[in-house]
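> Below are the structure tokens for one structure; questions will follow.
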């Protein structure tokens with residue numbers, strides 16, 4: 001993996017989308033990594049990450065309606081997450 005390439009892609013994505021769309025660092029990093037590896041699909045539970053990936057031409061498989069409220073430990077301060085955050089959990093990258 002060429003981290004410099006991933007960082008360069010991340011900088012481009014951040015400059016292009018973060019100010020207007022509010023993407024967080026891990027959204028950008030995950031999509032940049034997928035692009036670096038030549039992935040065509042990204043699986044995610046994160047609605048914002050889905051929009052970013054689609055904007056970059058990735059096919060997104062998303063279960064954004066996952067019942068997170070049934071798993072309060074995943075959205076509580078215990079997990080170090082903002083309870084109002086759209087969770088970012090990419091689970092699989094598929095290459096060509």
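> Report the residue count in the range 2-24 for those that are in contact (Cβ under 8 Å) with a residue 60 or more places away in the chain and assigned to a helix (DSSP H, G or I).
Number of matching residues: 0.
Okay, residues lined up against (1) loosely packed, with under 12 Cβ neighbours inside 10 Å; (2) more than 21 Å from residue 1 (Cα to Cα); (3) modelled with pLDDT of 50 or more:
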| site | (1), (2), (3) |
| --- | --- |
| 47 | no, yes, yes |
| 75 | no, yes, no |
| 85 | yes, yes, no |
| 93 | no, no, no |
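> When the residues of the range 23-40 are narrowed to those that are over 12 Å from the mean Cα position of the chain (by Cα) and surrounded by fewer than 16 Cβ atoms within 10 Å (Cβ to Cβ), which ends up farthest from residue 59 (Cα to Cα)?
So the residue we want is 37.
> Let me ask you something else. Can you tell me which residues in the range 2-20 are within 16 Å of residue 37 (Cα to Cα) and surrounded by 15 or more Cβ atoms within 10 Å (Cβ to Cβ)?
Within the range 2-20, 6, 9, 10, 13 qualify.
The values are calculated or read from the model by the stated rules, or taken from the named source; none is laboratory data. It should be emphasised that the depicted structure is a prediction, and the values quoted were computed from it without experimental measurement. Reconstructed Cβ throughout: ideal geometry from the backbone, glycine too, with neighbour counts over all protein chains shown.
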